[in-house]
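Asker: Take a look at this one; I'll ask things after.
The values are calculated or read from the model by the stated rules, or taken from the named source; none is laboratory data. From a predicted model like this one, the values you see are computed outputs, not experimental measurements. So basically every Cβ, Gly included, is an ideal-geometry build from the backbone, and we count neighbours across all protein chains shown. Surface accessibility is based on the protein's heavy atoms, side chains included, excluding ligands, DNA and RNA. Shrake-Rupley method; radii C 1.70, N 1.55, O 1.52, S 1.80 Å.
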Amino acid sequence: MKTQISKIIFFTSLSCTVFGQYNGFLRNAKMYEMQKNWDAAISIYNDVLNKNPNNYQTIRSLKTLYKKSQRYKEGINFLIYQISRNPNDIQLNVELGEFYFLDENVEEAKRIWKEGLSTFKNNRSYYRLLFSIYNKHSLDKELFQMIENGRLIFNDSFLSTELGNYHHKRKQYKDAMDEYLLSLLDNPGASSSVSRKILIMSDDIDSKNVIEMKLLENSIKHPNKILPILSDHYFKHREFKKSYEALHELSDNEMFNAKKWLSFCNSLRKEKAYSHAIKAYQYMLREDLKDYQYGEVLLGLAKTFEDQIFPVENNDLVPYFYNDNIFFKDASQLSTNISSENLSSSLSIYDSVLATIPESAIVAEAEFRLAEIHYRIIEDFDKALLLYKSSLNKSPLKTLKEKNILRIADVFKSKADFNSSIKFLDSTYNIHITPEIKNKLIEMHLFSGNPDTSLFLINESFKTILPDNIYFNDLMELRDFINHFYTNADEKGKEGFIAFLKSESLLKQRKVVEANQLLAHIKSSNNSKNIAPLLSLRRAIILTRLKKYNEALSELNFLKGTIFADKGIIMSGQIYERFYNDSSKASEFYFRIINDYPESIFSEPIRYHLRKLKDNEKI
C-alpha cells in the first residue's frame with residue numbers, strides 16, 4: 001500500500017514539474033512574440049510540438065505567429081505537415097488556402113479551397129469557415145458561387161444569416177432583409193438572433209423604410225413570425241401606436257401570450273408612453289388570465305397612473321419654510337397629465353377584476369396602488385380608506401403593511417379626523433414598533449393642536465436614537481420650533497401658535513384658501529409679537545401659491561426686524577423677478593441681503609444668483 005502511494009506521489013510530482021516547465025516555455029515564447037523576436041518564439045513552439053505533437057494550443061499559436069510575421073511559406077509547409085497528420089481537419093484546410101492567398105499565390109489558394117469544397121462537400125462547417133475567408137478577402141464572386149452550390153446541396157436558406165450580415169455591412173438593406181427573412185422563415189430556432197440583427201440594422205435611418213416594407217409584405221403570409229418583429233421595430237422607433245396594433249393583430253392569429261403582452265405593457269410604461277400603456281393593460285385585463293397575472297397587470301396599470309403624478313417643483317431661491325422637514329412636507333401640491341377618460345375606464349376595470357381574484361401579496365400591492373390613485377388624484381378618501389385597510393389585512397409583507405398604516409393615518413388627517421388617526425396609530429404601534437409610525441404620531445398630535453404631547457414624544461425619541469439617525473435633524477428642528485413659538489411663549493403666543501397649527505392642518509387637508517383666511521384672522525385677533533413673524537411668513541407663502549403677489553409683498557413687509565427678515569427680503573426679490581419680470585427691482589432686494597445681512601446663511605447663494613442675473617462675476 002505504501003509503495004502504491006509513493007508511486008502516485010512520484011508521478012503527480014513529475015506531471016506538475018512537466019506542466020510547470022511547459023507553461024514556462026509558452027510564457028517565454030509569448031515574451032519573444034511581444035519583442036518581435038520571431039525566430040526565438042518559433043523555435044520554442046517547435047520544441048514544444050516535438051515533445052507534444054498534438055498540442056492544439058501550440059499549433060494555433062504557431063499558425064498565428066507565421067501569419068503575424070508574414071512568413072507565409074514557412075506557414076504553408078507547417079500546415080501541409082499538419083494536414084498530413086490530420087487530413088480531415090477542415091480548419092487547417094481553409095487556413096492553408098489563406099496562407100497561399102496571403103503569399104500572393106491566388107490560383108493555388110483557390111485550387112485548395114475548390115478541392116476542399118469537393119472533399120468536404122456535405123460539411124456545413126467547411127462552408128461557413130470558407131464564407132468567412134471569402135468575405136474577409138473580398139472574394140465576392142467565389143463567395144456567391146459557393147452559396148449557390150451550397151444551397152443546391154443543403155437548402156435554399158443555407159448561410160442566409162451570414163449573407164444577410166454581408167449585405168448589411170455594405171448597406172444593401174433590401175438584400176440583407178431578403179436573406180434575414182429567408183433564415184427566419186426556414187429556421188425557427190434562429191428567430192431571436194435574426195430579430196436582433198434586423199433591429200440592429202434599423203439603427204441606420206436609411207434602412208427603416210426598407211425594413212418596414214419587407215416586414216409588412218411578409219406579415220400577411222407569416223403573421224406569427226413577422227408581426228412580433230414588426231412590433232419591436234415600431235417600438236424601437238417610438239411608433240407606439242403601430243407597435244400596439246402589430247401585437248394586437250398577432251393576438252388575432254395565435255393564442256394570447258400573457259407574458260409577451262405584460263412585457264410590452266411594462267416597456268410602454270418605462271418609455272412614458274402612458275396612454276398606450278393604459279390601453280395595453282386594459283386589453284390584457286379583458287383576456288382570460290391566471291390569477292397572479294391579473295395581479296401583475298393591475299399593479300402595472302396602477303404604476304402607470306402613479307408615474308404621471310408629479311410633486312409641484314419647488315424652484316425657490318432659498319427654503320422659506322421647513323421645506324425638507326418630514327413633519328411639514330406638503331404632499332398635496334401635485335400635478336398630473338392623466339386623462340380623466342383613461343382614469344375612469346381603467347378604474348372601472350380595476351375594481352371589477354379585483355373583486356374576482358383571490359387574495360395574494362400581489363393583489364395586496366395592487367389594492368395599495370389603487371388606493372394611492374383614489375387618495376392622491378381623485379381625493380376620494382372613503383374609497384381610499386377601504387382599499388388601504390383591505391391591503392393591510394391581505395399583505396404578508398411587513399413593508400407594505402407599514403406603508404398602509406401610514407397612509408390610513410394620512411387619510412384620516414385629510415378627512416380632518418385626527419382623533420381616529422391617533423387612535424389607529426396607537427393601536428398599531430404596539431404591533432409595528434417603527435420610528436416612522438412614531439413620527440406619524442408626533443405629526444398627528446402636533447397638527448391636531450397638542451404640541452405638548454408631540455414634544456413629549458420627541459423627547460422620548462431622543463432617548464433611543466443617535467445623531468446619525470436619518471430623522472434626528474428633523475426631530476431636533478421640530479423640537480426647537482415648538483420650544484420657540486410655544487413652550488417659551490406667553491399665553492397669547494401659545495394661543496396664537498395653537499391656531500397656527502390649525503391653519504397647517506388645513507393645508508394638509510388641501511384647503512389652501514381656508515388656511516389663508518384663518519391666518520388672516522389670527523393676525524387680526526392675536527397681537528403676540530412672538531407668533532406674528534411666523535404668521536406673516538406662512539401667509540406670504542400661501543398668497544404666492546394663490547398668485548396674489550401684491551398681498552404677499554404686503555405680508556413680507558411685516559417681517560422687517562424679525563427673525564425672518566432675510567427670508568422676507570429674498571422672497572420679495574423672487575416675486576419681482578419671476579412674476580413681475582422686474583429683475584432690476586429684484587436686484588435691489590438681493591443687494592440688501594449682501595450689504596445689510598452679510599451673516600445670513602443665504603448671503604452666498606444670493607450672491608451667486610445675482611452674479612448670474614447681472615452676468616457679473618465681481619459681485
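Asker: Where the eigenvalues come from the Cα gyration tensor of the range 464-557, what are the semi-axes √(5λ) of the equivalent ellipsoid, largest first, in whole Å?
Answerer: Numbers: eigenvalues 130, 60, 29 Å².
That gives 26, 17, 12 Å for the three semi-axes.
Asker: While we're on this one: Could you tell me how many cubic angstrom of Cα convex hull volume the range 527-601 has per residue?
Answerer: Details: hull volume 6.3 nm³, N = 75.
Spread over its residues, the Cα hull of the range 527-601 gives 84 Å³ apiece.
Asker: If you wrap a convex hull around the Cα atoms of the range 412-487, how much volume per residue is inside, in Å³? Mind showing how you got there, number by number?
Answerer: Working: hull volume 6.9 nm³, N = 76.
In the range 412-487, the Cα convex hull volume per residue is 90 Å³.
Asker: On a 0 to 90 degree scale, rounded to 10, what angle separates helix 140-153 from the longest Cα axis of the chain?
Answerer: 80
Asker: Please report the net charge: other residues with Cβ closer than 11 Å to the Cβ of residue 543, K and R +1, D and E -1. Please report the intermediate quantities before stating the final value.
Answerer: Details: positive: 538, 539, 545, 547, 548; negative: 551, 555.
Here the count lands on +3.
Asker: Lys and Arg at +1, Asp and Glu at -1: add these up for the other residues within a Cβ distance under 12 Å of residue 576 and post the number.
Answerer: Working: positive: 578, 585; negative: 577, 582, 588.
Net charge in that neighbourhood comes out at -1.
Asker: Working only with C-alpha atoms, what are the Rg and Dmax values of the range 61-203, expressed in angstrom?
Answerer: According to the Cα coordinates of the range 61-203, Rg and Dmax are 16.7, 48 Å.
Asker: Tell me, what % of the accessible area of the chain is carbon and sulfur with a 1.4 angstrom probe? Walk me through the numbers on the way to the answer.
Answerer: On the way: 16230 of 32240 Å².
C and S fraction of accessible area: 50 percent.
Asker: Heavy atoms only, 1.4 Å probe, whole protein assembly: order 140, 468, 566 by accessible area, highest first.
Answerer: Details: 140 60, 468 130, 566 25 Å².
Ranking 140, 468, 566 by accessible area, largest first, yields 468, 140, 566.
Asker: Turning to a different aspect of this structure: For the range 345-460, report the translational diffusion coefficient in µm²/s to the nearest whole number, using Stokes-Einstein at 4 °C, 1.567 mPa s, and a Kirkwood Rh over Cα pairs. Could the numbers behind the result be given before it?
Answerer: Working: Rh = 14.8 Å.
Once the numbers are plugged in, D ends up at 87 µm²/s.
Asker: Can you tell me the convex hull volume per residue for the range 370-525, based on C-alpha atoms, in Å³ to the nearest whole number? Spell out each step's value before the answer.
Answerer: Values: hull volume 18.6 nm³, N = 156.
Dividing the Cα hull volume of the range 370-525 by its residue count gives 119 Å³.
Asker: Just order 598-608, 414-424 by mean Cβ neighbour count inside 10 Å, highest at the front, would you? Intermediate values should be presented prior to the final figure.
Answerer: Working: 598-608: 14.3, 414-424: 17.5.
Ranking the peptides 598-608, 414-424 by packing returns 414-424, 598-608.
Asker: Is there a pair in 508/529; 403/502; 197/241; 394/440; 63/174; 383/492 whose C-alpha atoms are over 29 Å apart, and which pairs would that be? It would help to have the intermediate numbers written out before the result.
Answerer: Working: 508/529 26 Å; 403/502 26 Å; 197/241 23 Å; 394/440 23 Å; 63/174 38 Å; 383/492 41 Å.
In this structure, 63/174; 383/492 exceed 29 Å between Cα atoms.
Asker: Computed on alpha carbon atoms, what radius of gyration and Dmax characterise the range 218-309, expressed in Å?
Answerer: Just the Cα atoms of the range 218-309 yield Rg and Dmax of 12.9, 44 Å.
Asker: Once you charge only the Cβ atoms, +1 for Lys and Arg and -1 for Asp and Glu, what is the size of the charge dipole of the chain about its Cα centre, to the nearest 20 debye?
Answerer: 1100
Asker: Okay, next question. Pairwise over distinct Cα atoms, reciprocal of the mean inverse distance: report the Kirkwood radius of the chain in Å, one decimal place.
Answerer: Evaluated on the chain, it is 32.6 Å.
Asker: Also: Let me have the relative contact order for the range 420-495, percent, based on Cα pairs under 8 Å that are six or more residues apart. Write down the numbers at each step before the final one.
Answerer: Details: 38 pairs, mean separation 14.0, N = 76.
Result for the range 420-495 is 18 percent.
Asker: Rounded to the nearest 20 Debye, what is the dipole magnitude of the range 506-619 about its Cα centre when Lys and Arg each give +1 and Asp and Glu each give -1 at the C-beta? It would help to have the intermediate numbers written out before the result.
Answerer: Details: 20 positive and 12 negative charges, 92 e Å.
Here the size comes out at about 440 debye.
Asker: Just order 227-240, 284-297 by mean Cβ neighbour count inside 10 Å, highest at the front, would you? Walk me through the numbers on the way to the answer.
Answerer: Values: 227-240: 20.0, 284-297: 17.3.
Listed from highest to lowest mean packing, they are 227-240, 284-297.
Asker: Under a 1.4 Å probe, what is the accessible area of the chain per residue, stated in Å²?
Answerer: Numbers: 32240 Å² over 619 residues.
Accessible surface, normalised per residue, equals 52 Å².
Asker: Based on alpha-carbon atoms only, what is the radius of gyration of the range 279-434 relative to the globular estimate 2.2 N^0.38 Å?
Answerer: 1.13
Asker: How large is the accessible surface of residue 134 in square angstrom, using a 1.4 angstrom probe and rounding to the nearest 10?
Answerer: Here the accessible area works out near 10 Å².
Asker: Which loop-located trypsin sites (Lys or Arg not before Pro) does the range 427-524 contain, where loop means any DSSP state but H, G, I, E or B and the Cβ has at most 12 other Cβ atoms within 10 Å? Walk me through the numbers on the way to the answer.
Answerer: Values: sites: 438, 440, 463, 479, 492, 494, 502, 508, 510, 511, 523; in loops: 463, 510, 511.
Answer by residue number: 463.
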